[in-house]
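The values are calculated or read from the model by the stated rules, or taken from the named source; none is laboratory data. Here the structure is a predicted model, which is why all the values come from computation and not from measurement. Positions of Cβ are backbone-derived with ideal geometry, glycine not excepted, and every protein chain shown enters the neighbour counts. Only protein heavy atoms, including side chains, enter the accessible area calculation; ligands, DNA and RNA are left aside. Shrake-Rupley method; radii C 1.70, N 1.55, O 1.52, S 1.80 Å.
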Amino acid sequence: MPHHTPLIGTIVAGLVVAFIMGAIAHRLKLSPLVGYLVAGIMVGPFTPGFVADTALANELAEIGVILLMFGVGLHFSLKDLLSVKNIAIPGALAQIAVATGLGMALAHVMGWPLMGGIDFGLALSVASTVVLLRALQGADLVETRRGRIAIGWLIVEDLVMVLALVLLPALATVINDANTGAGAGALIAPLVGTLLKVAGFVALMLVVGRRVIPWALHWVVHTGSRELFRLAVLAIALGVAFGAAYAFDVSFALGAFFAGMILGETPLSRRATEETLPLRDAFAVLFFVSVGMLFNPAVLVEQPLPLLATVAIIIVGKSIAAYAIVRLFGKPADTAMTIAISLAQIGEFSFILATLGTGLGVLPADARDLILAGAIVSIFLNPILFSLAVRGRKQDEVDAEAARVAAERPPVGHVVLVGYGRVGKLIATRLTERSVPFVVIEGDGAEAEDAQSAGLSVVRGSALEDRHLTKAGVRKAHHLLIAVPEGFEGGAIFEHAIRLNPNLAVVARAHSDAEVDYLEKLGVPQIVMGERELAGRMLSLCGAN
């Protein structure tokens, strides 16, 4: 068997170079997406050195699209959208219309066809989910009113783009038929046919899928096999996406989105998210790498003015439109500015639309290059602009849990509990029963909401950030209980906490001998390894301890 094949070479080159460039981007405090895109450029056909197989990269990217859209569906929350629907729905639709119109105007100036202009404008109108959420999390704004508006706005954008992915092929057929002088029936038939197929698929998912998918997962859970559960989730995501494309002739993206949305309604959604996250992240990286491979850096020299216009639409045009819309709804200036800047970038859906447009033959290669270049530039600039926009935010926009923690002032000598998963919940219950004052630090939104619903003092965010440890009162605490499942992450948390409070008594959780060794080398005084504790307890019960 040969040691090198195009498939293996493409995967290895994509992941290795993406890791290197992603790490450099992270070091420079930029979004790792920038690193992944640059990695794609480096292994692409337009730069010297190793050239990955573009055709294979595109097929791997399709898996990335499926898993990305599956993840969007898993996190889709109708409840969150409805809470800000009065501004998010009309605001997002108006902003999409403005940005699409600006993109179409530039396309007209460039002499591109109408369908290419529509695709180009839509690609410039939608923000990156990954970039926006990371920006909000970094500024501790996810649970604020303006954070919820921005997320709701993004959900509406995502839904519109899912619809666009379904309708663009039919619309391209309609416009092509119109250009060849076909009759009205020939123009309407493809569009109506597509809508009927989509309606049939949606009906099947809502009537049958909503029953079969949860039933299948619950059956797998009762087998007790974690491997089988992980495989079942992936089979649902990929199987529904492929089945939707094969049987209903709709996009992989729509099938995966609905699979994720239905699975997201079940109590197993959180576990499904955790089990599939590594694979979703890996293929998402390959998706961004494959997009970068399509980018020709020559556009920076050959089309500087169109590129400048593209970036202006993304950063200036979209921001002004969003700011004006939010202000028209009577929201304060800082809320309008946060939303405007958070949306001043493009990402995942833009790449999917660009790939679809070129595949349909309606989007010129120059337009695709401008979209990719605009994405890279906007993702570079967005964190800087966002930090400037939120630097002076007012206290009335601080989220409810942070305000409550600040008002209560964690007492001197309390316990800081990091993690509110299965182990963290048990610890919290015992501390509550014994009337021990404590504060929970939890980064997962659903887990933090559970803790808050239980009446606990909660700091939402990562314990790897000093500001969250400080907010939880770690400088005055007497114990830090690290209940996160990853021992290596627990070690990093220990290092941050002990710098803030050298006298802190720390108890950390570990899952393996390697994690125990790592924590011991760091100087963690008390380490609890589940398997050892279980073995010791079982031996004591049989009198052999």
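Would it be correct to say that Val65 is modelled with pLDDT under 80, more than 24 Å from Ala25 (Cβ to Cβ) and crowded, with 19+ Cβ neighbours inside 10 Å?
no
Of the residues Pro267, Pro278, Pro297, only one is more than 20 Å from the chain's Cα centre (by Cα) and under 25 Å from Glu449 (Cα atoms); which?
That would be Pro267, the only listed residue that is more than 20 Å from the chain's Cα centre (by Cα) and under 25 Å from Glu449 (Cα atoms).
Determine whether Leu122 is part of a helix (DSSP H, G or I) and within 15 Å of Glu348 (Cβ to Cβ).
The answer is yes for Leu122.
Rundown of residues vs (1) farther than 29 Å from Gly421 by Cβ; (2) open to solvent by less than 40 Å² (accessible area, probe 1.4 Å); (3) among the polar types (S, T, N, Q); (4) assigned to a helix (DSSP H, G or I), yes/no style:
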position: Val221; (1), (2), (3), (4): no, no, no, yes
position: Glu227; (1), (2), (3), (4): no, no, no, yes
position: Tyr246; (1), (2), (3), (4): yes, no, no, yes
position: Met261; (1), (2), (3), (4): no, yes, no, yes
position: Leu279; (1), (2), (3), (4): no, no, no, yes
position: Val285; (1), (2), (3), (4): no, yes, no, yes
position: Phe288; (1), (2), (3), (4): yes, yes, no, yes
position: Leu305; (1), (2), (3), (4): yes, no, no, yes
position: Thr310; (1), (2), (3), (4): yes, yes, yes, yes
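Each row is one residue, and each column tells you yes or no for (1) out of contact with any helix residue (DSSP H, G or I) (no Cβ under 8 Å at 6 or more places or on another chain); (2) among the aliphatic types (A, V, I, L, M); (3) closer than 17 Å to Met110 by Cα.
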| position | (1), (2), (3) |
| --- | --- |
| Lys318 | no, no, no |
| Val326 | no, yes, no |
| Gly330 | yes, no, no |
| Leu353 | no, yes, no |
| Leu370 | no, yes, yes |
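Go through the range 360-409 and report how many residues are loosely packed, with under 15 Cβ neighbours inside 10 Å and either of a type in the set (A, V, I, L, M) or at pLDDT below 85 (or both).
16
Scan (1) modelled with pLDDT under 80; (2) under 30 Å from Ala309 (Cβ atoms) for the single condition Ser77 breaks and write down its number.
Unmet condition: (2).
Considering only the range 1-45, state which residues are at pLDDT 85 or above, surrounded by 16 or more Cβ atoms within 10 Å (Cβ to Cβ) and part of a loop (DSSP other than H, G, I, E, B).
Of everything in the range 1-45, just one residue is at pLDDT 85 or above, surrounded by 16 or more Cβ atoms within 10 Å (Cβ to Cβ) and part of a loop (DSSP other than H, G, I, E, B), namely Gly44.
List pairs: first residue in the range 97-119 and farther than 11 Å from Ala309 by Cβ, second residue hydroxyl-bearing (Ser, Thr, Tyr) and surrounded by 20 or more Cβ atoms within 10 Å (Cβ to Cβ) anywhere in the structure, Cβ distance under 6 angstrom, at least six positions apart or on different chains.
Ala99/Ser125; Thr100/Ser125
Are there any pairs with C-beta distances below 9 angstrom linking a residue in the range 440-463 that is open to solvent by less than 20 Å² (accessible area, probe 1.4 Å) to a residue that is assigned to a strand (DSSP E or B) and basic (Lys, Arg), with the two at least 6 apart or on different chains, and if so which?
Ile441/Arg460; Ala448/Arg460
For the range 60-70, state whether one or more residues are farther than 21 Å from Gly359 by Cα and not acidic (Asp, Glu).
yes
For the range 263-275, give me each residue that is under 18 Å from Glu447 (Cβ atoms), part of a helix (DSSP H, G or I) and not basic (Lys, Arg).
Matches in the range 263-275: Gly264, Ser269, Ala272, Thr273, Glu274, Glu275.
Sort through Val174, Val192, Val156, Val160 and tell me the only one that's modelled with pLDDT of 75 or more, farther than 30 Å from Ser83 by Cβ and of a type outside the set (Ser, Thr, Tyr).
Residue meeting the stated conditions: Val192.
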